[in-house]
Structure formats: C-alpha cells, structure tokens
Amino acid sequence: MVRLQTLRSQFDMLKMKESESVEEYFNQVIVIVNQLKLNGEFVEDKKVIEKILRSLTRKFEATTVAIEEAKNIEKMSIEGFLGFLQSRELRKKQYDSKPLEEAFQT
C-alpha cells in the first residue's frame, strides 16, 4: 500500500525538464506507470496522455493545445501519442536550426 502511494506521488509530481527530450521524459513516465501496474494499479492510456500533456515544457504549448482541441485523447494510444510528439519535436529542432536567411528564401 505504501509502495503504491509512493508511486502515485511520483507519477503526479513528474514534470518534463527543459533539457529533456520527449523520449527521455516519456521513458520516465512509462517506468513509473509500469511499476504502478506491477503493483496492481490500473492505469488507462488516457490518464497517462493527459498527465504528459499537463507536464510538458512551454515549447510544447501549441502542440498541447492542438491535441486537446483536435484529437480524441480517449482513442489515442500511448505509442501513437509518443510518435506524434517526437515528430513535432524533430520539426521544431529542424526549424530552429535553420539560419534566419534560409527560412525566408523562396
């Protein structure tokens, strides 16, 4: 019982760090979710996805809003959600790494 309470608390307190990648943060969340499940806790994908959306860094704010407005979270899989976030992260990195002049060329 104490173990479950500790894991629930860890899950609730998780927050993505600015220096973390989506995959690194996701892995932390999934480790705790798997431990919760091993200790008899039922954890829905929806709960995990909502937790991650609430705890992403500000650089994902537009992505979070888009997902909340356009996607049916209840029908999303954790794997699909991870893939979507990773593709957004990669696009942002590619966009941010382009020189300003290159971004405005036609």
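Only one entry of Leu53, Leu36 meets the criterion of being modelled with pLDDT of 95 or more, surrounded by 15 or more Cβ atoms within 10 Å (Cβ to Cβ) and either of a type in the set (A, V, I, L, M) or over 9 Å from the mean Cα position of the chain (by Cα) (or both), and that entry is Leu36. For residues in segment 56-87 being under 19 Å from Glu18 (Cα atoms) and among the hydrophobic types (A, V, I, L, M, F, W, C), which is surrounded by the most Cβ atoms within 10 Å (Cβ to Cβ)? Taking the candidates together, the pick is Leu85. Taken over segment 7-33, the residue count meeting the criterion of being surrounded by 13 or more Cβ atoms within 10 Å (Cβ to Cβ), in a helix (DSSP H, G or I) and among the hydroxyl-bearing types (Ser, Thr, Tyr) is 1.
The values are calculated or read from the model by the stated rules, or taken from the named source; none is laboratory data. Not measured: the values here are computed from a predicted model. A quick note on method: Cβ atoms are made from the backbone with ideal geometry, for glycine too, and the neighbour counts reach across all protein chains shown.
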